[in-house]
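Following: one structure in structure tokens, then a few remarks.
Since every read-out is calculated from the coordinates, none of them should be taken as a lab result. No experiment lies behind these values; they were computed from the predicted model shown. Here the Cβ is made from the backbone with ideal geometry for all residues, glycine too, and neighbour counts use every protein chain on show.
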Amino acid sequence: MIQPLTMPEQGYTLTPKEDAIETQMLEVSMGPHHPSTHGVFRMDVVLDGEEVRRLKPVLGYLHRNHEQLAEKMNWLGSIPFTDRLDYFCSMTNNWAYCLAVEQLAGIKVPERAEYIRVIMAELTRLQNHSCQAGFLLSDTGAWGTPLLYAFREREKILDLFEAASGARMMCNYMRFGGVRADVDDDWLAAARKVVENYPCFIDELEALITGNEILLARTQKIGILPRELAINASITGPMLRASGVDYDIRKVDRYGIYGRLDFRVPLGEVGDVYDRYYVRILEMRESVKILQQALRDIPEGPSDAGVKMRNFKVPVGDGYGRIEGPKGELGFYLVSDGSTRPYRYHVRAPSFINLTILEDMCVGHKLADAMVILGSVDIVLGEVDR
Amino acid sequence: MAIDEGLKSELRKAGVFVTTVEDLYNWGRKNSIWPLQFGLACCAIEMIAAACSRYDMARFGAEVFRPSPRQADLMIVAGTVTKKMAPLAVRLYNQMPEPKYVIAMGACAISGGPFKEGYNVLKGIDRYIPVDVHIPGCPPRPEALLDALITLQKRIEQDHLTGKHRLRAYDKEQKAEWPVPEYGEHDLEPPSNPDVWKPEPMKRPEAK
């Protein structure tokens, strides 16, 4: 089943260096079953000794026809499918899709619903980033321990999701013009408690790993993504900000109520794996700030605009709704022909576009570093292959 | 040959512990199931959650997730099996040493689940490999995975080493490898393994 490399040999040589011992290139097919590929992802790597010379990502092992299925069902029906795109962050996926449909249909979202959405999205960001730190550390060789800490905290957030929406992971919570079910005061009190304790966990995680010598040696100056390349390759999310580009859609678009909230956008300097890890840690601290404000100011009122979901139709036109998901710019491009189902449905998946730059970051590093670089991109294959 | 239960309990009261090789062997196997670290999609995250702090699969002796199929006893098919992935899943299963077991976790692994209508989704992994325990849910909660593990343990307890219903590993007439499907012109070929899965025969009501 191994396909020959068909990539044009451009930009780097395939002959060994002149002063080096004469060696032969080795082609290794890593994956799709591999503990560090975060799912079913394959890399065809050409190695010179241990050094990566070429790398070709092979995708499509989890292609689940998301877009085609969504074009066959009505507007409401594809919300549960958006949950399964990036299965770590179902809430933000729901939000991006609902935002696109709301733009198309011109639905105004009530104030309380906007607050609930922000709370859910930031909780999602917290659990995604903490788990990402755990997985990254697994890739560097710290099997288990940081991941166990991260999942301990994740369970607390999932409990909140379950109490609000009825499901742990696949929340299916947002609706056009609001959220499916209002949250009560007990839920808000529980959320405040989780948010209050979260900085303690971030401190704990940082005490465990941030200054760790092995982590520094494995991540600093590894997989540097230059600022220009990041912009040209349309990288978004923490990866772009780690390269020092100040671009956060929460600040640029000010969708929802983000314009009113006070938070900062952490930026990296070097753009290596360490910066990507640390930008996420700092983002978690900012998320805690946002959550504290949102949980303090949440107003009373309806949590739904009262849109009639049965036979829901959208005026003719096209719309693009985008949000700052935990992994980057998550956008939905929808074309409507005025019927009950989308005419065209496209997902701009951040993981997929962030993955395109993998080769440029890995070439010249050791094979073991390629796994760490892949871990720092933070991909979820459900979103990459769709 | 199982020992008479009444005699066994009488002897135990007298301070004599009696067992059989079969019981001892099964007891050892059921409490040290090593699963294959084989995550396909969303359910894999719940599988990791089941292995992590709160649900702690180590209590049932199944926390040693092995990346290599050659060291694993149990394959948890956690997620959607696409037609591109199905041959590899069967090949991984073939590489596992006997005795081996399969848990189909989640709606996708059982039948294709919500993605069943998609052109690239396999409609259930049990078309190619024998599945011991099915867990419904999308995704199933970690408790459901633990329940499936306990169900599997109960099944392992009843495995026989000899006799007509002995384990596949001790039966020389049973085949050791399962045919790997290949991606043909339009679809996987063959579309299913007839030894494992047959479509439900259509029932026609007889006219009276």
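Miscellaneous remarks
- Semi-axes of the equivalent ellipsoid for segment A:29-74, Cα gyration tensor, largest first, Å: 32, 11, 6
- Loop trypsin sites (Lys or Arg not before Pro), segment A:260-325, which have at most 16 other Cβ atoms in a 10 Å radius of their Cβ (DSSP): A:ARG264, A:LYS308, A:ARG310, A:LYS313
- Counted over all Cα-Cα pairs of segment B:45-122, pairs farther apart than 17 Å make up 52 percent.
- Inverse of mean 1/r across different Cα pairs in segment B:113-179, Kirkwood, Å: 14.8 Å
- Entries in A:LYS221/A:LYS327; A:LYS313/B:LYS84; A:LYS156/B:LYS100 that, when Cα-Cα distance is taken, lie over 26 Å: A:LYS313/B:LYS84; A:LYS156/B:LYS100
- Qualifying trypsin sites (Lys or Arg not before Pro) in segment A:116-168, DSSP loop, other Cβ atoms within 10 Å at most 12: none
- Largest to smallest principal axis extent of the C-alpha atoms in segment B:89-203, angstrom: 44, 36, 36
- Ellipsoid semi-axes in whole angstrom, largest first, where each is sqrt(5λ) of the Cα gyration tensor of segment A:238-334: 31, 20, 10
- For the pair A:TYR333 and A:LYS72, label points projected 7 Å from Cα toward Cβ lie 2.3 nm apart.
- With bins 5 Å wide beginning at 0, the percent of Cα pairs of chain B falling in each bin runs 1, 7, 13, 17, 17, 14, 11, 8, 5, 3, 2, 1, 0, 0.
- Set the Cα radius of gyration of segment A:26-157 against 2.2 N^0.38 Å, with N its number of residues, and you get 1.36.
- Taken one residue at a time, the phi angles of segment B:200-207 give Karplus couplings (6.51, -1.76, 1.60, θ = phi - 60°) of 4, x, 6, 9, 9, x, 6, 6 Hz. Gly and Pro are set to x.
- A simple spin-label model places the labels of A:ASP182 and A:VAL58 5.4 nm from each other, with each point 7 Å out along Cα-to-Cβ.
- Where N is the number of residues in the protein assembly as shown, Cα Rg divided by 2.2 N^0.38 Å: 1.04
- Normalised by the number of residues in chain A, the average gap of Cα pairs under 8 Å and 6 or more apart makes the relative contact order 25 percent.
- Segment A:270-325: radius of gyration and largest Cα-Cα distance (Dmax), Å: 19.0, 52
- Intensity falloff of segment A:300-386 expressed as log10 I(q)/I(0), Debye formula with alpha-carbon point scatterers, at q = 0.16, 0.20 Å⁻¹: -0.79, -0.99
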